[in-house]
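Before any comments, here is the structure.
The values are calculated or read from the model by the stated rules, or taken from the named source; none is laboratory data. None of the values given here were measured: they were computed from a predicted structure. Reconstructed Cβ throughout: ideal geometry from the backbone, glycine too, with neighbour counts over all protein chains shown.
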Amino acid sequence: MIKARALPLAGTAVSAFVVVLLALRWLQSSGIVLPPPAIIPVLVGAFALVLLVLGWRVRSFVAGKSSMDAIAASRVAALAVSGAFVGAAMVGAGLAQVVALLDQLGAAAARSDVVVGAVTAALAVGLVVVALLVQHWCEVTDDDDPTAPPGTAA
């Protein structure tokens with residue numbers, strides 16, 4: 001299984017930050033104001049919540065407490081990896097929104113947009129944490145036979 005790791009996630013966040021900040025600065029220089037949609041933090045938070053619920057179900061399946069299709073569990077694991085990268089990208093985008101408007105905090109609209117960007121970034125950090133946790137929950141050990149000595153093939 002492909003795993004989300006810290007360095008690629010950080011690279012995704014930094015890349016998203018740079019791209020979004022450059023795009024917002026370019027739009028500002030053209031006189032275009034692009035406010036962030038207020039629905040974005042809601043969607044990021046909902047994604048984290050859904051992923052947490054699905055991950056908890058997989059956790060109980062891996063522990064042998066409930067039944068679940070193994071394919072569905074692997075899909076949740078893949079969703080966790082995707083969620084980590086989406087969350088990392090949204091951290092960068094949210095922080096870029098905040099940084100792009102720091103010099104305009106005198107305007108009420110800019111303060112509102114900064115709040116949306118900051119809340120997006122904070123919830124996106126939560127999404128990354130949840131995704132990494134669910135990824136951990138989806139791991140299974142290689143030892144399927146409890147009677148086999150550790151380190152041997154089952």
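What residue, among those in the range 17-70 that are among the hydroxyl-bearing types (Ser, Thr, Tyr) and part of a loop (DSSP other than H, G, I, E, B), is surrounded by the most Cβ atoms within 10 Å (Cβ to Cβ)? Outline the logic, then answer.
So the first thing to find is which residues in the range 17-70 are among the hydroxyl-bearing types (Ser, Thr, Tyr), and the list is 29-30, 60, 66-67.
Remaining after also requiring part of a loop (DSSP other than H, G, I, E, B): 30, 66-67.
Working: SER30: 8, SER66: 11, SER67: 7.
Step by step, filter the range 17-70, then rank; the result is SER66.
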Scope the range 117-142; condition under 16 Å from LEU43 (Cβ atoms), buried (at least 20 other Cβ atoms within 10 Å of the Cβ) and of a type in the set (A, V, I, L, M); matching residues: ALA121, LEU123, ALA124, LEU127, VAL128, VAL130, ALA131
When ALA13 is evaluated against the numbered criteria (1) closer than 28 Å to ASP103 by Cα; (2) among the small types (Gly, Ala, Ser); (3) part of a helix (DSSP H, G or I); (4) without any contact (Cβ under 8 Å) to a residue 60 or more places away in the chain, which criterion, by number, is the only one it fails? (4)
Top-ranked residue in the range 1-16 [being modelled with pLDDT under 95 and surrounded by fewer than 19 Cβ atoms within 10 Å (Cβ to Cβ); ranked as farthest from the chain's Cα centre (by Cα)]: MET1
